[in-house]
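The values are calculated or read from the model by the stated rules, or taken from the named source; none is laboratory data. None of the values given here were measured: they were computed from a predicted structure. Reconstructed Cβ throughout: ideal geometry from the backbone, glycine too, with neighbour counts over all protein chains shown.
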Amino acid sequence: MFGGKQVVVCGYGEVGKGCCSALKAMGAIVCITEIDPICALQGCMDGFRVVKLNEVIRQMDIVITCTGNKNVVTREQLDRIKNGCIVCNMGHSNTEIDVASLRSPELTWERVRSQVDHVIWPDGKRVILLAEGRLLNLSCSTVPTFVLSITATTQALALIELFNAPEGRYKQDVYLLPKKMDEYVASLHMPNFDAHLTELSDEQAKYMGLNKNGPFKPNYYRY
């Protein structure tokens, strides 16, 4: 149950925003930490208090990292954390929580069940660590088949594009998937919701400077 729980989300980027939105919808009392003043201001405007982790760590029931950085939650902070606090990571690697420092002789690890450990301090304090600090959404949950379908379709179309592309079009680099291809993947999955797109008239398409069949947004557009 998340209702009324004090939660701090470290990082208010794309992942952090999603976590905060979901937690708020479930009734949690959410605050955030941020290094970027723009993201911090976005958090303020979305109704979240922007804090420093050191100043709130003792009061938190749940700590979630979403920064992509390392040592966001340190051993010193874990020593100060309250009994029963849940600590987990939604960032892109397992470096955000200093889990290595918890594998020390004075601390005891107790496996509760798969992907859930109690780390026990000498005074009896327990911290609940999920997935040993690895990515929570990959380690502790299954991915719905619908989401897998979107992902697999996108990857398949990207491979087809690479296979059919003339020599020299792509170098050893990272490329954005063409927006037209993204839109095609989305359109394939719309029937699952019985969704029907509105079509631009020729006049509207000309006014907007768009092709009637897309793409409808530039590559830099953030959905």
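Per-structure values
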read-out	value
Qualifying residue in region 39-48 (condition: part of a helix (DSSP H, G or I), in contact (Cβ under 8 Å) with a residue 12 or more places away in the chain, within 29 Å of residue 122 (Cα to Cα) and polar (S, T, N, Q))	no
Residue within region 139-157 that is closer than 30 Å to residue 76 by Cβ and surrounded by 12 or more Cβ atoms within 10 Å (Cβ to Cβ) present	yes
Residue match in region 20-39 (condition: out of contact with any Cys (no Cβ under 6 Å at 6 or more places or on another chain), over 27 Å from residue 141 (Cα atoms), aliphatic (A, V, I, L, M) and modelled with pLDDT of 95 or more)	yes
Flag for residue 93 being within 23 Å of the chain's Cα centre (by Cα) and either of a type in the set (Ser, Thr, Tyr) or more than 19 Å from residue 75 (Cα to Cα) (or both)	yes
Residue ranges of strands (runs of 3 or more DSSP E) in region 59-139 with at least 2 members touching a strand residue (DSSP E or B) at 6+ places or on another chain (Cβ under 6 Å) and within 25 Å of residue 12 (Cα to Cα)	62-65, 86-89, 126-130
Residue among 199, 96 that alone is touching a Cys at 6+ places or on another chain (Cβ under 8 Å) and among the acidic types (Asp, Glu)	96
From the options 218, 178, residue that is loosely packed, with under 10 Cβ neighbours inside 10 Å and in contact (Cβ under 8 Å) with a residue 12 or more places away in the chain	218
Unique residue being surrounded by fewer than 21 Cβ atoms within 10 Å (Cβ to Cβ), of a type in the set (Val, Ile, Thr), closer than 16 Å to residue 130 by Cβ and assigned by TED's automatic domain parsing to the domain that holds residue 130 when the list is 73, 56, 15, 51	15
Residue match in region 113-123 (condition: among the polar types (S, T, N, Q), surrounded by 10 or more Cβ atoms within 10 Å (Cβ to Cβ) and modelled with pLDDT under 95)	yes
Pick from region 22-42, criterion among the small types (Gly, Ala, Ser) and loosely packed, with under 14 Cβ neighbours inside 10 Å, ranking: nearest to the chain's Cα centre (by Cα)	22
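Residue-by-condition table, conditions (1) more than 18 Å from residue 23 (Cβ to Cβ); (2) among the hydroxyl-bearing types (Ser, Thr, Tyr); (3) touching a residue at least 40 places away in the same chain (Cβ under 8 Å):
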site: 85; (1), (2), (3): no, no, yes
site: 101; (1), (2), (3): yes, yes, no
site: 105; (1), (2), (3): yes, no, no
site: 113; (1), (2), (3): yes, no, no
site: 122; (1), (2), (3): yes, no, no
